[in-house]
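For reference, the structure discussed in these notes is given below.
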Amino acid sequence: MANPDAPRPRPPSARVSATRRLPLHAPPRAWAMSEWALLPLRLFVGVTFVYAGLQKLANPAFTNAASSISIQHQMAFAVTTSPIGGLLAHLVGEARIIGIVLAFGELLVGLGTVLGLWTRVAAAGGLLISLSLFLTVSFHATPYFTGSDIVFLFAWIPLLIAGGGSRLSVDAKLAQIAARQHGAPAPAIVPIAFASVQAVCGHYDDGRCRALRALCGPAHCPVLAGERPSLYDRRHLDVVDRRTLIAGTSAVVGGVAGALAIGAVAAEGGKILSSGSSGGGRTLSPTTTTSAPTTTTSAPTTSTSATSAPTTTTAPATTTTHPTGTLLGSASQVPTNEAASFTIPKSGDPGIVVHTKEGSFVAYDAVCPHLGCTVGYAPSMQLIVCPCHGSEFEVMTGDVISGPAPHGLTKLDLVEEGNGNLYLQ
């Protein structure tokens with residue numbers, strides 16, 4: 001029979017942890033750090049989605065069917081490349097509505113995630129948006145990890161499972177307020193080492209449980225299993241959850257109204273800035289400085305002298321031949337380290353001509369091979385850049401430098417003739 005006056009032995013787990021540490025043991029105070037673990041991820045994906053939504057709303061070209069970077073243009077291109085192209089073909093006619101819903105959806109998901117308000121619902125929405133963008137935008141990215149949508153798709157899963165946590169979270173704050181109003185303890189889970197449970201348990205005796213007459217372990221511990229203590233009484237939890245849901249719904253309604261207001265301000269601001277800008281840059285015009293073929297013929301001249309017979313002198317005719325190819329316009333329309341746009345006659349695609357710093361002219365089909373947006377020239381970087389998803393191309397060759405474009409631009413045969421005009425061969 002055990003001596004009740006004898007000192008109680010230390011729990012086996014405590015003795016083990018004092019002598020050795022497992023290779024994959026949790027870091028010190030891991031229980032405290034776990035509450036902060038998902039916060040950086042939550043803030044990053046939340047801020048990114050807020051930015052993406054505002055960027056779409058502030059850009060009038062996003063819903064303008066005439067623009068090459070519009071949602072209509074992107075969906076039409078995705079019909080032929082996406083694994084769900086058959087479904088998209090039926091939705092192209094509603095592209096403008098889809099674009100507006102997508103932009104506001106990203107804004108709402110981002111705000112909910114940043115604030116920690118209905119975090120699991122926001123994460124579910126973010127996951128669906130990322131999945132749809134993956135299937136329509138970056139499905140063919142090679143290697144697969146160069147497409148950001150698949151990364152965001154998996155980034156939402158931890159937030160969908162674990163929620164927003166209790167740090168900097170509106171959900172957690174509302175739950176605390178609801179519990180206080182109901183007079184219930186705060187619905188918080190406090191992690192505790194099982195060795196501490198053994199140290200305070202009156203049934204623990206030298207590695208065994210006197211209440212169960214079995215080895216002591218967390219799987220069947222009567223303190224941890226069976227009826228929940230009053231702190232987690234189901235009735236208290238139900239009341240707290242209902243009050244939290246009601247308060248959260250009110251906050252969500254207010255958040256949606258605020259998001260709509262923010263989106264409207266961004267859209268109006270984008271229209272104002274767009275109308276005040278200079279427009280779409282230079283466009284080559286074939287009506288400027290055109291040299292028509294000319295034929296110069298000298299009329300015959302007759303001279304008569306008293307000492308000689310009349311003579312006739314005829315100057316040879318000179319003809320200026322017209323250069324071959326399609327006239328695009330004057331080379332003077334494109335200053336050094338600048339670019340101009342034109343339409344490719346054979347395909348109808350937009351084209352771009354760049355006057356390099358070295359003085360040469362290069363031309364490309366301006367359709368980005370990723371999703372069909374029209375590329376532009378960035379003089380500060382001396383690169384051709386896609387405004388939709390950031391693909392970059394080398395000026396002299398058109399080769400892709402950074403994706404998600406799968407390959408480079410189609411180069412066109414451009415010639416600068418001696419008359420100062422540019423011709424497409």
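Extension gain for the segment A257 to S380, taken as residue separation times 0.36 nm less the Cα-Cα distance, is 40.3 nm to one decimal.
Length available on full extension from E394 to A66: 0.36 nm per residue minus the Cα-Cα distance, which gives 115.4 nm. Taking label positions 7 Å along the Cα-Cβ direction at both E338 and R167, the computed distance is 5.3 nm, reported to one decimal.
Once the C-beta distance of T249 and R208 is scaled by a Förster radius of 51 Å, the resulting FRET efficiency is 0.50 to the nearest 0.05. Put V200, V334 in order of accessible area, highest first, and with a 1.4 Å probe you get V200, V334. Taking all protein chains as shown and a probe of 1.4 angstrom, E268 keeps an accessible surface of around 100 Å². Taking K411, K56 and ordering them by how much accessible surface each has at a 1.4 Å probe, largest first, produces K411, K56.
At the residue level, D171 shows approximately 40 square angstrom of accessible surface with a 1.4 angstrom probe and all protein chains present. Neighbours of R42, meaning other residues whose beta-carbon lies under 14 angstrom from its beta-carbon, give a summed charge of 0 when Lys and Arg score +1 and Asp and Glu score -1.
Label sites at A193 and E358, each approximated as a point 7 angstrom past Cα along Cα to Cβ, lie 6.8 nm apart. Seen from L131, the other residues with C-beta closer than 15 Å to its C-beta sum to a net charge of -2, counting Lys and Arg as +1 and Asp and Glu as -1. Ligands, DNA and RNA excluded, the heavy atoms of R167 present near 90 Å² of accessible surface to a 1.4 Å solvent probe. Approximating the spin labels as points 7 Å out from Cα along Cα→Cβ, the Q181-to-Q425 distance works out to 7.8 nm. Could you work out the local net charge near I98, counting Lys and Arg as +1, Asp and Glu as -1, over the other residues with Cβ closer than 14 Å to its Cβ? Surrounding charge for I98 is 0. Shape analysis of the stretch 326-393 places it in the oblate category; the axes a ≥ b ≥ c from the Cα gyration tensor give an a/c of at least 1.5, with a/b not above b/c. If the segment from T283 to L39 were pulled out straight at 0.36 nm per residue, it would be longer than the present Cα-Cα gap by 83.0 nm.
Per-residue accessible area (protein heavy atoms, 1.4 Å probe) orders L328, L43 as L43, L328, starting from the largest.
The values are calculated or read from the model by the stated rules, or taken from the named source; none is laboratory data. All of these numbers come straight from a predicted model, not from anything done at the bench. Here the Cβ is made from the backbone with ideal geometry for all residues, glycine too, and neighbour counts use every protein chain on show. Side chains are part of the model used for accessible areas, which takes the heavy atoms of the whole protein and leaves out ligands, DNA and RNA. Shrake-Rupley method; radii C 1.70, N 1.55, O 1.52, S 1.80 Å.
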